[in-house]
Structure formats: C-alpha cells, structure tokens
Amino acid sequence: MKTERRKSFIKKAAAFALLLIMAINVFASDVEEKESGKKVKVDQEKMEWFADAKLGIFIHYGIYAVYGISESWSFYNNEISYDDYMKQLDGFTASKYDPQQWAKLFKEAGARYAVLTSKHHDGVALWDTKQSDLSVVKKTPAKRDLISPYAKALRDHDLKVGIYFSHLDWSHPSYASVHNGPNRASNNTNPFDYPQTDEADLERWEDFLKFHRAQLKEVDELIRPDLWWFDGDWSRTAEQWRMSEVREMLLSSNPKTILNSRMSGYGDYATPEQGVPIHGPEGPWELCMTINDSWGYQVDDNNQKSVNYIIRTFSDCISMGGNLLLDVGPKEDGTITHEQTEVLKQLGRWTKKHEEAIYGSVRGLPFGHFYGPTTLSKDKKTLYCFFLDIPKDDVVIKGIKNKVKQIRLVGTDKTLSFERNGGAAWHGIPGVLQVELKPEMLDKNVTVIAIDLDSALDLYRGHGGAIEAN
Ligand code: GLC
C-alpha cells in the first residue's frame, strides 16, 4: 500500500513539474516575443534558406537616379520641389537594363538573394500597375515592366527573389488623409504624410488601403516573391495599416514567403539599418548597409567603403547569426557603377575562398573565448575563427573542451600546428588552444581558420578555480 501511495505521489509530482516547465516555457517565449516586438509566431522552417544565405544584394533603382539625388526624401525634405523631382520621369530610360548581368554579378559576389525596390516612398512603380498611372511603364521612356525580368534573371541564376515595397506612398492622393494614430501627430506635420488639419478623413484612408492591397496583389501575382522587404510602416500604427491582414493576405497566397520586420510587429525577421549591432538580435536577422552613404545612385557620393571594411562587417554579422544585405544604386540606364561592381567582385573573391565558413553556418562563440568573429558548422563540429587584423604572435582560443582533430586554413589545403597550454583538468578547465598562424598564411582581407573537433562543441564557461589538493 505504502509503495502504491508513493508511486501515485511521484506521478502527481512529475505531472506538476511538467506543467510548471510548460508554463515557464510559455511565459519565456511570450517575453521573447514582446522583447523582439514581434506579434507573430514565425515558421522557422520557411526561414531556413534565409538563415543559410548570409549575403543578399539590395538594389535601390528608381527615377531618383536620373538627377542622382536622394530617393524620395529629397522632395519630402524640400531639397527639390515635388514637380521637379517628378521631371526625372522623362529621363528614366533603363536603356542598358540587363538583369541577367546583375544576377551574374550578384552570384559572383557570393549573394544568395537580392531585393529590388519595386516602389519607393515616391510611389513610382517599376511594374505596370493598373492601380495608378505612376509607373515607369506609363510615365517614362523605359516603357516596360522591370520587375518580371529581374525575378526571372535571379531565378535563372538560382538566387532567391526579394522585393522592396514601401507601404507609405507620398504620391497617392488619398495617403495623407489620417494622422499617425487616432490623434494628430504633434511633431510631424509634413504634408506628404499627414492632413494639414486636425480632421482625419477615414474614407480616403480606406481608399488608400484598398490601393495598397491591390498593388501588393499585383506584385505577388506577377513574381511571387520569396521575400518581401517592406519599408515605411512607421507613419501609421499597426491598427491603421491593419497589418495582420496584410500578413495574412500575403501568406495565404504564398505560405513560404518571408516578410521583413517593417510590418509593425507582423514580420518574420529583424532588419537593423546601417549600424552593426553589438549583440545579434534573436533568430534570423539582416543588416542592410550601403556601399557609399546612399541607397540610390548619387552623383556626389564618393564616400565608398573599402572592400576590407565590408568583409569585416560581413564577418561580424554572420558571427552573430545574421545576414548582410549590401546595397547598390544603379544609374538610370540600369548599369551598376564601376566602383560598386569592383566591390562586389572583390567581395566575391573572398566569399568563394571562405564559403565553408559562411553559408549554412550558425552563430559562433559567445564573447570572451576568441577576440574576433566566429561561426560554427550546423553540427557544431567545426569552429571557424576570423582574423580581422594581423596577429602578432600565436593566436589563442579559450575554453574548448573538445579534442581538436586538426586545424585548417580555410580555402587552402594547409593545416596549422597547435598546442594546448595550461588548463586545470581537475576542475574540467581546458587548456588554452594556441595556434601558429604564419604571416604567409594570411589572406589580404580577413583570414579564416577551421578547427575540426571530435564532437559537437563543448565549452567551458566557468570562472576558474583554485587547486584544492596537491
Ligand atoms: C530607410 C529609408 C529608405 C531606404 C531604406 C533602406 O527606411 O527611408 O530611403 O530605402 O531605409 O533600408
């Protein structure tokens, strides 16, 4: 009897513990979602290609390349009048537009996807929209849809197709009809964004939402993007956009499509812009960054980042589990400048040589084990260490408990000699791994070594300890 009672007590305790664990988990995931600002659960399976892809190319192509001025913002910020800005329509020829060439170059750079501006905040559509006349098809000498050949070229080159789309539209007559939220926004009264009176016109706003949805449907039917890169959600609340409806609409027609975060909380992944994060956001994420200081082609912008800087930044992103979406700004004729082409080609030299450390890798070591970026193979049996600078002496990696099988110089057939130094076996503290990286082994940009382990990475994360017995 006693044993029976004990058994039932154990059963009850186990059930209680299970319930407790489940409750803690639900609470934890809720906290996580609130922290990331996400209002949705993301299908991790569909994110797989994205997390593996690591490098994408962003393309800001539009009429702003005619004068070589800032995309949309130039008229919004009154640097040019709206009418003068729109005069660029007459000069947009796309006369040398060759997306096959683009795709070839992106592939050579090592990108696995690209994102093209189908419509920026200026409202000029790069496809033949039936919802308005403001398209390069109806209003420019280019006279044709530019997004379908882009999607085809990318797919011909086995690249995933991303489409940038600005929710807000500073040209649509019904757009500036409501304020941001139910009340008048006190600090922003820009006429392109907001009505100039306290009154909101909800009917016109509904009219705009219809237009917004209809354009999205057109693009969706035309090219079925693998990824939607939204922008400009900030000007209205999620409720005003009825953003959950947008998510539902796009996913119901194409369940595997990926949505970036500029969906007022209804997106799939985070998109920090220009500034490299210190800690990578949770889950898949992507840093978008310009090569010079501008998204689109700008005549006066020669502030080009060096290839080395771009490779370092890229290494940093993948080390924290993220992607880099590197931006190019083609000229109005559709050609990518010589400078930006060169950057992509040189980046390609590096990504090709180091591909095993890049694609399909996962975020690397936590801070403190190695002073540089690191990635891990998915099975965690190979650790990749990236050297941004020229090492002065042997390089060291701390806290690796596993047996090291061999250390290789990635992209070559060379192996490196190594030894363990110190450690306190009685406390389970592994010795420091000391690797000889000879100067002639260094890559002209970032050097990468691969540490092959006998099993999945096992790290010592403790505080050390004193010798208790001699
Ligand atoms: C910003 C800008 C826009 C640019 C985008 C790229 O949101 O409004 O001009 O296209 O960043 O991330």
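The values are calculated or read from the model by the stated rules, or taken from the named source; none is laboratory data. Quick caveat, the model's predicted, so the values are computed rather than measured. Positions of Cβ are generated from backbone atoms using ideal geometry, with glycine treated the same way; all protein chains shown enter the neighbour counts.
Below, the figures for the structure above:
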read-out	value
Identity of the residue in region 344-381, touching a Leu at 6+ places or on another chain (Cβ under 7 Å) and not in a loop (DSSP other than H, G, I, E, B), that ends up surrounded by the fewest Cβ atoms within 10 Å (Cβ to Cβ)	Val362
Hey, Ala28 on the phi < 0 side of the Ramachandran plot and either at pLDDT 75 or above or assigned by TED's automatic domain parsing to the domain that holds Leu227 (or both) or not	no
Those residues of region 349-369 which are farther than 19 Å from Pro277 by Cβ and aromatic (Phe, Trp, Tyr), in sequence order	Trp350, Tyr359
Listing of helices (runs of 4 or more DSSP H) fully contained in region 79-149 that carry 3 or more residues being within 16 Å of the ligand (Cβ to nearest atom), of a type in the set (Val, Ile, Thr) and under 13 Å from Tyr61 (Cα atoms)	none
Unmet criterion (only one of (1) more than 16 Å from the ligand (Cβ to nearest atom); (2) touching a Phe, Trp or Tyr at 6+ places or on another chain (Cβ under 9 Å); (3) within 25 Å of Lys41 (Cβ to Cβ); (4) not hydrophobic (A, V, I, L, M, F, W, C)) for Gln215	(3)
Subset of region 150-182 (residues that are of a type in the set (S, T, N, Q) and within 16 Å of the ligand (Cβ to nearest atom))	Ser166, Ser171, Asn180
Every residue from region 260-276 that is away from the ligand (no atom under 15 Å from the Cβ) and under 14 Å from the mean Cα position of the chain (by Cα)	Asp268
Ser244 vs. criteria over 26 Å from Lys352 (Cα atoms), hydroxyl-bearing (Ser, Thr, Tyr) and assigned to a loop (DSSP other than H, G, I, E, B)	no
Count - residues of region 183-210 that are surrounded by 13 or more Cβ atoms within 10 Å (Cβ to Cβ), in a loop (DSSP other than H, G, I, E, B), away from the ligand (no atom under 16 Å from the Cβ) and in contact (Cβ under 8 Å) with a residue 12 or more places away in the chain	5
Residue match in region 102-116 (condition: farther than 24 Å from His157 by Cβ and buried (at least 17 other Cβ atoms within 10 Å of the Cβ))	no
Wholly enclosed strands (runs of 3 or more DSSP E) of region 411-470 bearing at least 3 residues in contact (Cβ under 8 Å) with a residue 40 or more places away in the chain and more than 18 Å from Asp389 (Cβ to Cβ)	447-453
Residue match in region 307-328 (condition: away from the ligand (no atom under 16 Å from the Cβ), touching a residue at least 12 places away in the same chain (Cβ under 8 Å), assigned to a loop (DSSP other than H, G, I, E, B) and charged (D, E, K, R))	no
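To keep it simple, each residue is scored yes or no on (1) exposed (fewer than 15 other Cβ atoms within 10 Å of the Cβ); (2) not assigned by TED's automatic domain parsing to the domain that holds Lys54; (3) not in a loop (DSSP other than H, G, I, E, B).
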{"residue": "Trp234", "(1), (2), (3)": "yes, no, yes"}
{"residue": "Gln240", "(1), (2), (3)": "no, no, yes"}
{"residue": "Met263", "(1), (2), (3)": "no, no, no"}
{"residue": "Pro277", "(1), (2), (3)": "yes, no, no"}
{"residue": "Met289", "(1), (2), (3)": "no, no, yes"}
{"residue": "Asp293", "(1), (2), (3)": "yes, no, no"}
{"residue": "Asn302", "(1), (2), (3)": "yes, no, no"}
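Conditions (1) within 30 Å of Glu355 (Cβ to Cβ); (2) modelled with pLDDT of 95 or more; (3) loosely packed, with under 15 Cβ neighbours inside 10 Å, marked per residue:
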residue: Ile429; (1), (2), (3): no, no, no
residue: Lys444; (1), (2), (3): yes, yes, yes
residue: Leu453; (1), (2), (3): yes, yes, no
residue: Glu468; (1), (2), (3): no, no, yes
